[in-house]
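Structure record follows, encoded as structure tokens.
A short reminder: the numbers here are calculations on the coordinates, not readings from a lab. Quantities reported herein were computed from a predicted structural model and do not represent experimental measurements. Neighbour counts run over all protein chains shown; Cβ positions are idealised from the backbone, glycine included.
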Amino acid sequence: MNILFIVKEFPHSKVIGGPIIIYNRVKYLSRNHKVSLLAFAQDPTPDQINSVSRYTHDLRLVPLPKRGKSKRLWDYFTSPVAPYFLNYQSEEMYAQLRSMVKATRYDVAISEYSMVAPYLYKNPDLEGIKRVMSVHECYYLARKKVLEVQGLSREGISALFQLKGLKKFEFSMYRSADKILTLTPEGKEELLAIDPSLDISVVPHGVDTNKFVPTEKKEGPPTVMFLGNYPHEPNRDAVIYFATQIWPLVKREIPDCRFLVVGRGPTPDMLALSKDDPSVVITGQVDDVWPYFSESDAFVCPVRLGGGFRGKILEAMASGVPVVSTPLGVEGIPAKNEDNVLIANDPESFARSTIRILQDKSLRKKISGNARKLVEEKYSWQKGVEILEEVLEEVVAR
């Protein structure tokens, strides 16, 4: 097959979070198919580009469009595209896509993240090409959840404005696709509850079980870790929630503990946390996340917002770092409380579980051992890409 990926964020080998799924899909599909990639990118390095170009037939990167306040206001009231999608609407992206499909006859085009699904929607340049939309999370449901949790805060009011036309536009796109992909069965059922007519397949996340391996923890204070891209609201909210409502309860029992916050784009309110509390260590973007797992006694995933699948949990499990999570954080994973993860859903129980895992070495060993076994059996990258390959071949053969 000739496969074209259209991606919200450049998925190079060092990226973290959702885009690493796409990097590995490109990498493994390229063994048997001709794969091309069109993505938004901000100042990629030569090493980042080289890590992907070796697997691609055609690689094109486009800078994110810039929109002033007056343009955003005008588009909010006049654009046929729902406001939540407008930051990724780019004439240059459309032009590059048009050029790519003229140069190569693609069998299928895949939008990774619904934010770039409009490039497949009602696009006459893609006539005769199968269109697959990979839904990492449903934006309508995600914005609705933010409004429910945050109320009339700044984030909640922002979500309220972003909901304008969102459900109608998002699901009109999905109905136009030849196939919808979700990362979890729960994500599939959420979409079908809104529109039972959608043709949906589940293609799970994965993890590099050769790179992320258990190791002896480095010497240092008791450490818990969280990982994410913080311009993404669910990750920012998780850090603020943990640091303000859970972390003080943990420190009361374990005064010398440390909260390690790893990942790109920490927001001003996150940076303020570390100024007020030296036990909160914010790294910013890092070249490799695995060394930080080796410093950690536990991985916390206190997410309250969003959907999809959190690959960070698989990386922690593969690295032998026991996980404490909300039920939402382990969605899509066959997680068993007290067996391969500790699950908690309020600040007090989350703090108690975190304290237990830091103080009980035998519990850490049990949870981490069972979690590593789960990852090895179900979540290697190869297995997920094999499922995707079968889905794409079925779509193209129709």
GNM of the chain, Cα pairs under 10 angstrom: of Gly311, Gly165, Gly228, the biggest fluctuation goes to Gly165
Under a Gaussian network model of the chain whose springs join Cα atoms within less than 10 Å, the largest fluctuation of Ile282, Ile357, Ile157 belongs to Ile157
Listed by chain and number, the lysines with an alpha carbon less than 19 angstrom from that of Lys34, same-chain partners under 8 positions apart left out, are Lys102, Lys130
Magnitude of the Cβ-charge dipole (Lys and Arg +1, Asp and Glu -1) of the chain about the Cα centre, nearest 20 debye, reported as 520 debye
Along segment 204-214, Karplus-curve 3J(HN,Hα) (6.51, -1.76, 1.60; θ = phi - 60°) to the nearest Hz, with x for Gly and Pro, reads x, 5, x, 8, 7, 6, 8, 7, 8, 10, x
With label points set 7 Å from each Cα along the Cα-to-Cβ direction at Ala103 and Phe161, the distance between them in nm comes to 3.9 nm
For segment 47-52, in residue order, the Karplus 3J(HN,Hα) values (coefficients 6.51, -1.76, 1.60; θ = phi - 60°; whole Hz; Gly and Pro = x) are 5, 4, 5, 5, 5, 9
To the nearest 10 degrees, the tilt of helix 91-103 (Cα long axis) against the first principal axis of the alpha carbons of the chain is 60 degrees
Taking Cα atoms, the helix 69-78 axis meets the longest principal axis of the chain at an angle in degrees (rounded to 10) of 60 degrees
Interchain or sequence-distant (5+) residues whose placed amide H lies within less than 5 Å of the amide H of Lys179 are Arg131, Met133
Kirkwood calc, segment 223-378, C-alpha pairs only, radius in angstrom 15.2 Å
Sequence order, segment 190-197: Karplus ³J(HN,Hα) from phi using 6.51 cos²θ - 1.76 cosθ + 1.60, θ = phi - 60°, Hz rounded, Gly and Pro as x, gives 4, 5, 5, 5, 8, 9, x, 7
If one builds a Gaussian network model of the chain from Cα atoms under 10 Å apart, the most fluctuating residue listed among Phe40, Phe77, Phe212 is Phe77
Spelling it out for Met225: with amide H atoms placed in the peptide plane at 1.01 Å from N, the residues 5 or more places away or on another chain with amide H under 5 Å from its amide H are Leu260, Ala298, Phe299, Val300
Taking a ≥ b ≥ c as the square roots of the Cα gyration tensor eigenvalues, with a/c under 1.5 meaning rounded and otherwise prolate when a/b beats b/c or oblate if not, segment 206-284 comes out oblate
For segment 196-302, listing GluC sites (Glu not before Pro) in a DSSP loop whose Cβ sees at most 14 other Cβ atoms within 10 Å gives Glu216, Glu219
Residues whose built amide H sits under 5 Å from the amide H of Val341, excluding neighbours closer than 5 in sequence, are Lys336
To the nearest 20 debye, segment 223-378 has a Cα-centred charge dipole, built from +1 on Lys and Arg Cβ and -1 on Asp and Glu Cβ, of 300 debye
